[in-house]
Amino acid sequence: MIDIREALRQFDFEAHRQFFEISDQEHSQMLEHFPLERWQTMTLEEYALGLNRPNEDVYCWWIEFGTKNVMNISGGTALKHMIFYHRDGYWKYSSAYSDKDEAWEAIRSEFLRLFELAETQSWEQMDTEGLFDRGALTKLKSLYIYYPEYIIPIASKNHIVHFLMLLGENEDELRQLSLILLNQRLLQKLRTYPEAQQFSNRDLMYCLYEWNDPRENAVSTSYGKEIRKQNQEDISETSPPQLFLSIVDALERKGQVILHGPPGTGKTYHALRFAKWWLGRTQDELTTRQTSRRVWWMVANPKQWHWEELFNTGSVTYKYGRLQRNYVLVQPDDLVIGYLSTPHKHIYALARVTQKVLDDKDGTPYIQLEPIQRIENGLTYAELIEDPILSQSEPIYNRCQGTLFKLEEHEADYLLSLLAERDPKIEDF
């Protein structure tokens, strides 16, 4: 691989001319429909996807579909826009709000504050105010639409980390940063090279992906292409994922397979899914897996209680809180992901449910936990909201505002595999 400075020197602007022209055209068209001043009076109907309106009259249509060549954030879920009209006939937004009007007013206010801070390039203040705690992709692209001179058009946090690591930055430090601070770190790093002075931020993005595309170079080709489209694919004997067939072929020829890639790309997750599928072909039920055990997400507010107290005392009782429908489903031996809320905002511990008890005085139900393992380098909230699978989970969709949340089986498997890649001590769980 050539040095980034050499890549900048060799970059062929003319070869990308057609793409630049398409990008410029899309960018101009969106600004014609939604100039910055329109945000002062923008309505929910003008912003949100899902209503029967012409595409050109909907802000989120332009952000997700109308300007793909400007900066691509399409795919995943419409939750990235924070509010939308569901095809089943209702508004979808965070349960923290009482109705759609309250939700929209909060969302519009966040955008207006975002643009206000962008005028003075107050990126640290954006992070301090938590403006990228939700809707990070839509907000980052909106910043690029209106302030292209300040933002490099790369929306993937993993991709930015990939580039910064190649430029000599420390991964552990990078993983703690929000998307906006990572974006600024990468842009500032590139601007230190004299060779980059002739580049626009868009040009720098094209050059980076031409230099070392993380979609191709971070992991082996067959694995890298499959990992992004197999995350939630059902596994069956009749139509197994192509990745699994490739692994079988390699095992039969060489006797071993190595899945290579940086932390967080899903190596453990896919290895476990393959093992389950392969063994399941000749074994109706895996005796090594307790399929009845659920995995829950519990939030601790450090102003009231810290997960460290569980390890000090050996036991704690959790009182019923929001989303009470979940509490009746909890059973002894269920696994618990322990999350520590503001100001820490990261996964801190693994615990186990030991029993459900009633308070002797007023009959209030409680859940009793015991500690399993502290988690080193647990995923941060900023990382969770950017993950295409976990961002759709119940705790992240509700911004971790509550006590007990349910994780679906594929979400729990995926999350535990990511945690195990960072902290091998929890692999057994």
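The values are calculated or read from the model by the stated rules, or taken from the named source; none is laboratory data. Note that this is a predicted model, so its numbers are computed, not measured. Here the Cβ positions follow ideal geometry from the backbone for every residue, glycine too, while neighbour counts run over all protein chains shown. We work out accessible area using only protein heavy atoms, side chains counted, and drop any ligands, DNA or RNA first. Shrake-Rupley method; radii C 1.70, N 1.55, O 1.52, S 1.80 Å.
Numbers at a glance
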quantity: Residue within the stretch 316-331 that is buried (at least 18 other Cβ atoms within 10 Å of the Cβ) and modelled with pLDDT of 90 or more present; calculated: no
quantity: Test result for Y348, open to solvent by 10 Å² or more (accessible area, probe 1.4 Å), at pLDDT 90 or above and either closer than 28 Å to G135 by Cβ or not in a strand (DSSP E or B) (or both); calculated: yes
quantity: Residues of the stretch 2-47 satisfying the condition of being of a type in the set (G, A, S), at pLDDT below 95 and open to solvent by 40 Å² or more (accessible area, probe 1.4 Å); calculated: A15
quantity: Some residue of the stretch 59-71 being outside any helix (DSSP H, G or I) and touching a Gly at 6+ places or on another chain (Cβ under 7 Å); calculated: no
quantity: Residue identified as modelled with pLDDT of 75 or more and loosely packed, with under 15 Cβ neighbours inside 10 Å among E173, E195, E216, E169; calculated: E173
quantity: Count - residues of the stretch 76-87 that are open to solvent by less than 40 Å² (accessible area, probe 1.4 Å), at pLDDT 90 or above and not in a loop (DSSP other than H, G, I, E, B); calculated: 3
quantity: Selection within the stretch 372-415 - closer than 16 Å to T342 by Cβ and in a loop (DSSP other than H, G, I, E, B); calculated: G378, L379, N398, R399, C400, Q401, G402, T403
quantity: Out of T41, T67, sole residue that is of a type in the set (V, I, T), farther than 21 Å from I396 by Cβ, out of contact with any Lys or Arg (no Cβ under 6 Å at 6 or more places or on another chain) and free of Cβ contacts under 8 Å to residues at least 40 places away in the same chain; calculated: T41
quantity: Inter-residue pairs, beta-carbon under 7 Å, first farther than 10 Å from S315 by Cα and in the stretch 356-372, second in a strand (DSSP E or B) and at pLDDT 90 or above, 6+ apart; calculated: I367/V353; I372/L350; I372/A351; I372/R352
